[in-house]
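Colleague: Okay, here's the structure, questions in a sec.
The values are calculated or read from the model by the stated rules, or taken from the named source; none is laboratory data. Nothing here was measured: the structure is a model prediction, and the numbers come from that model. Here the Cβ positions follow ideal geometry from the backbone for every residue, glycine too, while neighbour counts run over all protein chains shown. Quick note on the areas: whole protein, heavy atoms, side chains included, nothing else; ligands and nucleic acids left out. Shrake-Rupley method; radii C 1.70, N 1.55, O 1.52, S 1.80 Å.
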Amino acid sequence: MPSTSRIEIRNALASGAIDLNGGNVVAWQPRGQAAVIWMSPRPVFAEGRAVHGGVPIIFPWFGAGRTGTMSPSHGLVRTLPWQLQRQVDDAEGTSVELSLDALTVCDPTWQGRFRLTTRVHFGDTFRQELIVENTSTQLLNFEESSHAYLHVSDVEQVRIQGLDGCAYDNQVAGQPERGLQVGDLVFAAETDRIYHCGGPVTLHDVGLDRSLVVSTKETANLVVWNPWARKSETFADFETGSWRSMVCVEGSNVRDASICLEPGETHVMTFMLAVGNSAEG
Ligand code: TA6
């Protein structure tokens, strides 16, 4: 179903799109390259609905939050309507700024008042900033993530370099809760890990003959996720085999790395992508 709130981007270096619903970057494709951002084949773009795909903004809690009881999954803002503040074209590409003005959440499980801004740059490289301002008189404690869905040729044919020696929390049920990465990360089963490092990492994709560098600023965690066949069957917006063509690499501050802001303080998290021409890149 097409979105009625979509901003389409086309410049000399790339094309892309943002859905104002959730401020989700639903596409980025540098000129001459296959799509970099992945979108599920049957998304429903509507206020209040989350999609699997794009770069959803996760805030103020990740998954079910630090208590494991928070709802909805992945926070409040990925299904809210964001406002377009400005769109500027220059020689480097197109920059778009969206905001969610002074939202107050007063729930028994989470309380806070904040202003969120996202600045997204679409050029031959990609950049998403999430700017969080504490507009309350209380401490603001939150988790956040740029939950990027990346398009790959076949998840079983890619490897992620740059995590060697990094500790991780394992979110796959029935597996040890903690681990230490040895060598490159390859995929042979459901994978759902919160790494205790912020990159950079390089995703080598032989099938697309390219490498993708994922880098961040002000992030303590990279989350890496692929649901594999069985779990993806529970997602209404996936089709059989869709899971093969995606992997999430998410710049994040979650769990013990959640952020605390004093009243009036601001935090900026940055997530960046750059494509190299060879799989060895
Ligand atoms: O970032 C990984 C993760 O938290 C997984 O545990 C998985 O559930 C995924 O995000 C998608 O979550 P969603 O609420 O969009 O189905």
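Colleague: Only one residue in LEU76, LEU98 is of a type outside the set (Val, Ile, Thr), touching a residue at least 24 places away in the same chain (Cβ under 8 Å) and away from the ligand (no atom under 16 Å from the Cβ). Which one?
Modeller: Working: LEU76 fails: away from the ligand (no atom under 16 Å from the Cβ).
From the options LEU76, LEU98, the qualifying one is LEU98.
Colleague: Of the numbered conditions (1) within 16 Å of the ligand (Cβ to nearest atom); (2) aliphatic (A, V, I, L, M); (3) not in a loop (DSSP other than H, G, I, E, B), ALA46 fails exactly one; give the number of that condition.
Modeller: Evaluating ALA46 over (1) within 16 Å of the ligand (Cβ to nearest atom); (2) aliphatic (A, V, I, L, M); (3) not in a loop (DSSP other than H, G, I, E, B) leaves (3) as the failure.
This table checks each residue for (1) aliphatic (A, V, I, L, M); (2) part of a strand (DSSP E or B); (3) open to solvent by 10 Å² or more (accessible area, probe 1.4 Å).
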residue: ARG230; (1), (2), (3): no, no, yes
residue: PHE235; (1), (2), (3): no, no, yes
residue: THR240; (1), (2), (3): no, no, yes
residue: SER252; (1), (2), (3): no, yes, no
residue: CYS260; (1), (2), (3): no, yes, yes
residue: GLY264; (1), (2), (3): no, no, yes
residue: MET269; (1), (2), (3): yes, yes, no
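Colleague: Would you pick out the residues in region 106-132 that are open to solvent by 60 Å² or more (accessible area, probe 1.4 Å), in a strand (DSSP E or B) and either in contact (Cβ under 8 Å) with a residue 24 or more places away in the chain or touching a Phe, Trp or Tyr at 6+ places or on another chain (Cβ under 7 Å) (or both)?
Modeller: GLN111, ARG113, ARG119, ARG127
Colleague: Anything in region 1-24 that is farther than 20 Å from GLU129 by Cα and either surrounded by 19 or more Cβ atoms within 10 Å (Cβ to Cβ) or modelled with pLDDT under 95 (or both)? List them, or say none.
Modeller: Listed by number, the residues that qualify are MET1, PRO2, SER3, THR4, SER5.
Colleague: Might you let me know whether region 218-236 holds any residue that is in contact (Cβ under 8 Å) with a residue 40 or more places away in the chain, on the phi < 0 side of the Ramachandran plot and away from the ligand (no atom under 16 Å from the Cβ)?
Modeller: Within region 218-236, none of the residues are in contact (Cβ under 8 Å) with a residue 40 or more places away in the chain, on the phi < 0 side of the Ramachandran plot and away from the ligand (no atom under 16 Å from the Cβ).
Colleague: When the residues of region 153-166 are filtered to those that are in contact (Cβ under 8 Å) with a residue 60 or more places away in the chain and away from the ligand (no atom under 16 Å from the Cβ), which remaining residue is most open to solvent (accessible area, probe 1.4 Å)?
Modeller: Ranking the qualifying residues of region 153-166, first place goes to GLU156.
Colleague: To continue, here is another question. I'd like the residue in region 49-61 that is under 15 Å from GLY112 (Cβ atoms) and in a loop (DSSP other than H, G, I, E, B) and, out of all such residues, is farthest from the ligand (Cβ to nearest atom).
Modeller: Going through the qualifying residues, I end up with PRO60.
Colleague: Please verify whether LEU103 is away from the ligand (no atom under 16 Å from the Cβ), of a type in the set (A, V, I, L, M, F, W, C) and either in contact with a Pro (Cβ under 6 Å, 6 or more places away or on another chain) or open to solvent by 30 Å² or more (accessible area, probe 1.4 Å) (or both), treating the condition exactly as stated.
Modeller: Yes, satisfied.
Colleague: Could you say whether any residue in region 134-151 is without any contact (Cβ under 8 Å) to a residue 60 or more places away in the chain, buried (at least 18 other Cβ atoms within 10 Å of the Cβ) and within 14 Å of the ligand (Cβ to nearest atom)?
Modeller: No, the conditions are met nowhere in region 134-151.
Colleague: Further, regarding this structure: Can you name the number of the only condition in (1) in contact (Cβ under 8 Å) with a residue 40 or more places away in the chain; (2) closer than 28 Å to GLN171 by Cα; (3) surrounded by 16 or more Cβ atoms within 10 Å (Cβ to Cβ); (4) more than 13 Å from the ligand (Cβ to nearest atom) that ALA27 fails?
Modeller: Every condition holds for ALA27 apart from (1).
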